[in-house]
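The block underneath contains the structure these notes are about, expressed in structure tokens.
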Amino acid sequence: MAADRNSQRIVIAGASSLLGGELKTLLEESRFAGWDLRLVDEEDVAGTLTEAGGEAAVIQRVEEDTFKGAKYAFLAGSTAFGRLCVGPARQAGVTVIDFTRATLSDPDATPWFPKIEALKGKTVAKHAKTFDVFSAGGAAAASLALVLRRFGLQRLVMVLFRPVSESGRAGIEELETQTSQLLSFQGVGSVVFGTQAAFSMLPRFAPESKADLQREGLEIRAEVSAAVGDVNEDARISLNLVHAPVFYGLTFSACADLGEGADAAKITAALREAGWNVAADGEPSAGPSNVSVAGESQLFLSEPRADLSRAGAWWFWGATDNLRMPAASGIKLAEWLEG
């Protein structure tokens with residue numbers, strides 16, 4: 001079935017999720033303000049009262065005709081829920097803009113983050129019907145790797161610090177509760193993470209946790225592989241995802257071995273051309289943090305620093321809003337598709 005090219009309806013699947021809420025807010029501030037937003041989600045949150053376009057709205061469950069008559073389907077929420085929605089959305093002929101990684105391994109899905117066309121040197125087809133929008137971590141790692149290959153990238157090692165909002169409202173509430181309990185010298189509950197997440201940096205959660213850092217790390221790695229493409233270049237990149245006891249904002253530290261001739265000014269110029277907000281040397285700010293990037297849609301970096309003892313090694317510190325950045329990226333995609 002072909003979608004109505006004149007349709008002004010957008011379905012947000014996973015509307016009750018943190019990312020779904022961010023998408024709704026940004027859509028109402030974009031060129032899509034005034035379009036018909038249909039809000040749907042999983043069975044257990046269907047019936048939730050919210051608002052859309054300044055009016056009361058009820059989140060519906062996904063049904064056979066949910067995507068009928070829509071032009072775009074924004075898939076938020078869990079990966080499993082995303083997979084549930086992909087089939088009906090495609091059958092309805094709508095353009096799928098997927099944030100759930102449900103289409104990450106789909107050969108028909110087009111990888112997307114801002115500036116990916118320029119960085120890869122390949123045109124993104126506007127007629128594509130499924131787009132996989134990279135997470136904040138995936139976009140940061142892929143963009144940095146693609147920029148640095150211009151400087152003879154030999155090795156990139158990156159550690160990403162995951163905020164608990166990646167586990168949704170339940171993750172936020174558990175960190176808030178654990179913090180309060182610990183400050184009151186009480187034992188902590190750990191339904192979401194299976195262990196103490198407050199005041200702790202962790203390489204993994206307990207086996208019974210609802211969040212799996214290894215799986216999420218592999219998914220980010222798959223995003224990077226989809227962007228880089230070349231197997232030999234991809235093998236030069238190593239990523240690690242760790243838990244940080246913060247509510248919002250992804251931060252990362254990276255070290256890259258580059259070829260001769262790389263300097264801070266050239267690297268900074270290339271990063272800015274790729275859409276990064278790079279702090280100028282000598283600025284009074286301590287650099288980007290999970291707090292300073294709140295509400296921002298860009299990727300932020302401190303000025304690149306040469307390693308003190310290893311020639312050709314460079315250090316990078318960056319941050320981005322883990323919800324606003326991918327949401328804004330997906331909406332930029334839809335605006336580009338509109339022409």
**Study point:** region 1-124 - percent of accessible surface contributed by carbon and sulfur, probe 1.4 Å
**Key:** 45
Check your understanding: What is the local net charge at Gly54, summed over the other residues whose Cβ is closer than 15 Å to its Cβ (Lys, Arg +1; Asp, Glu -1)?
Key -> -4
Review point. What percent do you get for the relative contact order of region 194-332 when only Cα pairs under 8 Å and 6+ apart count?
Key: 23
Check your understanding: Whole-Hz Karplus ³J(HN,Hα) for region 121-126, in order, using 6.51 cos²θ - 1.76 cosθ + 1.60 and θ = phi - 60°, x for Gly and Pro?
Key -> x, 10, 7, 7, 6, 6
Review point. Could you sort Glu55, Glu233 by accessible area so the largest value comes first, with the probe set to 1.4 Å?
Key: Glu55, Glu233
Revision key, fill the gap. Counting sequence-distant residues (5 or more places) and residues on other chains, those with an amide H built under 5 Å from that of Leu323 are Gly249
Check your understanding: Any idea how far the Cα center of region 123-169 sits from the one of region 286-314, in Å?
Key -> 16
Check your understanding: In square angstrom, rounded to the nearest 10, how much accessible surface does Glu51 have for a 1.4 Å probe?
Key -> 70
Check your understanding: Taking amide hydrogens as modeled 1.01 Å from N in the peptide plane, which residues meet the under 5 Å criterion relative to Arg162, leaving out close sequence neighbours?
Key -> Val242, His243, Ala244
Point to revise | In Hz, Karplus ³J(HN,Hα) per residue of region 128-134 (6.51, -1.76, 1.60; θ = phi - 60°; x = Gly, Pro) | key: 4, 10, 9, 10, 9, 7, 5
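In terms of the Cα gyration tensor, with a ≥ b ≥ c the square roots of its eigenvalues, is the chain rounded because a/c is under 1.5, prolate because a/b exceeds b/c, or oblate?
oblate
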Review point. At a probe size of 1.4 Å, how large is the accessible area of Asp36, to the nearest 10 Å²?
Key: 70
Exercise for review: With runs of 4+ DSSP H residues as the only contributors, calculate the mean residue ellipticity of the chain at 222 nm using -39,500 (n - 2.57) per run, divided by the residue total and rounded to the nearest 500.
Suggested key: -9000 deg cm²/dmol
Check your understanding: lysines near Lys120 by alpha-carbon distance under 27 Å, same-chain residues fewer than 8 away left out - which ones?
Key -> Lys129, Lys266, Lys332
Exercise for review: Would you mind working out the accessible area per residue for the chain, using a 1.4 Å probe, and quoting it in Å²?
Suggested key: 46
Exercise for review: Counting only C-alpha contacts under 8 Å and six or more residues apart, can you give the relative contact order of the chain as a whole percent?
Suggested key: 17
**Study point:** Under 5 Å, built H, 5+ apart or other chain: amide partners of Thr50
**Key:** Ala57, Val58, Ile59
**Study point:** region 1-106 shape via C-alpha gyration tensor axes, a/c threshold 1.5
**Key:** rounded
Check your understanding: So how far apart, in nm, are the two label points at Ala33 and Asp307 if each is 7 Å from Cα heading toward Cβ?
Key -> 4.9
Point to revise | Phi-based couplings in Hz for region 140-155 (Karplus 6.51, -1.76, 1.60; Gly and Pro marked x) | key: 4, 5, 5, 5, 4, 5, 5, 5, 6, 5, 5, 10, x, 4, 9, 7
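The values are calculated or read from the model by the stated rules, or taken from the named source; none is laboratory data. Everything quoted here is computed from the prediction, not taken from an experiment. Cβ: placed from backbone, ideal geometry, glycine included. Neighbour counts: every protein chain shown. All accessible areas refer to the heavy atoms of the entire protein, side chains included, with ligands and DNA or RNA removed. Shrake-Rupley method; radii C 1.70, N 1.55, O 1.52, S 1.80 Å.
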